[in-house]
Amino acid sequence: MINFVGAGPGAADLITLRGQKFISEADVIVYTGSLVNKELLNYAKHDCKTYNSAYMTLEQVMEVMIEAEKNGLKTVRLHTGDPSLYGAIREQMDILDKENIEYKVCPGVSSFCAAAAALNLEYTLPSVTQSVIITRTEGRTPVPPKEDISALAVHGTTMVLFLSTGLIDSLVKKLYAAGVSPDMPAAIVYKASWPDEKKFVCTVSTLKETAEKENIKNTALIIIGKVIDTEYDRSCLYDPKFETLFRKEEK
Ligand code: SAH
């Protein structure tokens, strides 16, 4: 059995109890060394074999997992944050399907949740926006044209940009092309939940200089949206005049 496990955003105690249990029972762990906190490996058995996938190709990762499976061993494939976002898990699953090897996924706390926590932010504020767009600027991985930032930003939702701190020039140009104001609130969260976490609130017009001044190049998220700094309406859910399945209206 192979378990894909979400390692969480960084802090070693932000893995789920289930994820920690899988780590503690594993004979083999293949972890995304570029981003996963190595402290998590302290939960593993002392004779557990660990592999840093930052130095491996897909083929090499699969060879390790398939070999372990043949030997009846328990394998954890440890991915940063939640495996469903930019995790490259599907290609691994498809190969496991072909090999008739069973697997499961244990979710994790994504870095976009840790970034909101760092900023005490609610991504969805009543009367401001009820949607979050999770996306990235185009780098070596192409982004479908309809998902270009200039097309997505016209909606005025909160936007969380992964893998984009090296491409702020192009990001800002695309935001302006969508009609986003230079004063639109923005934030950069570097290594959310790690001991050396840094967070900066700025505007779209000062995004680039903020990243440059603070020397932020990777392991960071960019957040764009009014929710960072705006007035909003109180929620209906907790309004005394609002009835829910659980509570009657207060007269
Ligand atoms: N599956 C992961 C994302 C992997 S893609 C998740 O759910 O978080 C890698 C990108 O995620 C990084 O380039 C960076 O943009 C972001 N990232 C990962 N960990 C982060 C952290 N602790 N703080 C800020 N950004 C992070």
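Which of (1) away from the ligand (no atom under 16 Å from the Cβ); (2) surrounded by fewer than 22 Cβ atoms within 10 Å (Cβ to Cβ) does LEU35 not meet, given it meets every other one?
So the condition that LEU35 fails would be (1).
Anything in the stretch 53-103 that is farther than 27 Å from TRP194 by Cα, touching a Ser or Thr at 6+ places or on another chain (Cβ under 9 Å) and either among the β-branched types (Val, Ile, Thr) or loosely packed, with under 15 Cβ neighbours inside 10 Å (or both)? List them, or say none.
Selection gives GLN60, VAL64.
Return the residue satisfying two criteria in turn: it lies in the stretch 129-158 and is hydroxyl-bearing (Ser, Thr, Tyr) and within 16 Å of the ligand (Cβ to nearest atom), and of such residues it is nearest to ALA11 (Cα to Cα).
THR135
For the stretch 197-228, name all the residues that are of a type in the set (D, E, K, R) and either surrounded by 16 or more Cβ atoms within 10 Å (Cβ to Cβ) or closer than 11 Å to MET159 by Cβ (or both). Break it down stepwise before answering.
Within the stretch 197-228, the subset of a type in the set (D, E, K, R) is 197-199, 208-209, 212-214, 217, 226.
Hits for the stretch 197-228 are GLU197, LYS199, LYS226.
In the stretch 40-53, is there at least one residue being touching a Leu at 6+ places or on another chain (Cβ under 6 Å) and among the charged types (D, E, K, R)?
For the stretch 40-53, residues touching a Leu at 6+ places or on another chain (Cβ under 6 Å) and among the charged types (D, E, K, R): absent.
Scan the stretch 139-163 for residues that are outside any strand (DSSP E or B), over 19 Å from SER84 (Cα atoms) and either among the hydroxyl-bearing types (Ser, Thr, Tyr) or touching a residue at least 12 places away in the same chain (Cβ under 8 Å) (or both) and report the count.
11
Within the stretch 217-229, does at least one residue satisfy the condition of being more than 17 Å from the chain's Cα centre (by Cα), modelled with pLDDT of 95 or more, within 16 Å of the ligand (Cβ to nearest atom) and outside any strand (DSSP E or B)?
yes
Which residue pairs have Cβ atoms under 7 Å apart, sit 6 or more places apart or on different chains, and have a first residue in the stretch 187-201 that is within 19 Å of GLY108 (Cα to Cα) and within 10 Å of the ligand (Cβ to nearest atom) and a second that is assigned to a loop (DSSP other than H, G, I, E, B) and of a type in the set (Asp, Glu)?
Filtered contacts from the stretch 187-201: TYR190/GLU197; LYS191/GLU197.
Could you check the stretch 20-43 and list, in sequence order, the residues that are outside any loop (DSSP other than H, G, I, E, B), under 18 Å from GLU102 (Cβ atoms) and not aromatic (Phe, Trp, Tyr)? Talk me through it step by step, then tell me what you get.
We begin by selecting, within the stretch 20-43, every residue outside any loop (DSSP other than H, G, I, E, B); these are 20-25, 28-31, 38-43.
Those still in the list that are under 18 Å from GLU102 (Cβ atoms) too: 21-22, 25, 28-30.
Hits for the stretch 20-43 are LYS21, GLU25, VAL28, ILE29, VAL30.
The values are calculated or read from the model by the stated rules, or taken from the named source; none is laboratory data. Predicted model, so just to flag it, every value in this text is computed and none were measured. Glycine also receives a Cβ, built like all others from the backbone with ideal geometry; neighbour counts cover every protein chain displayed.
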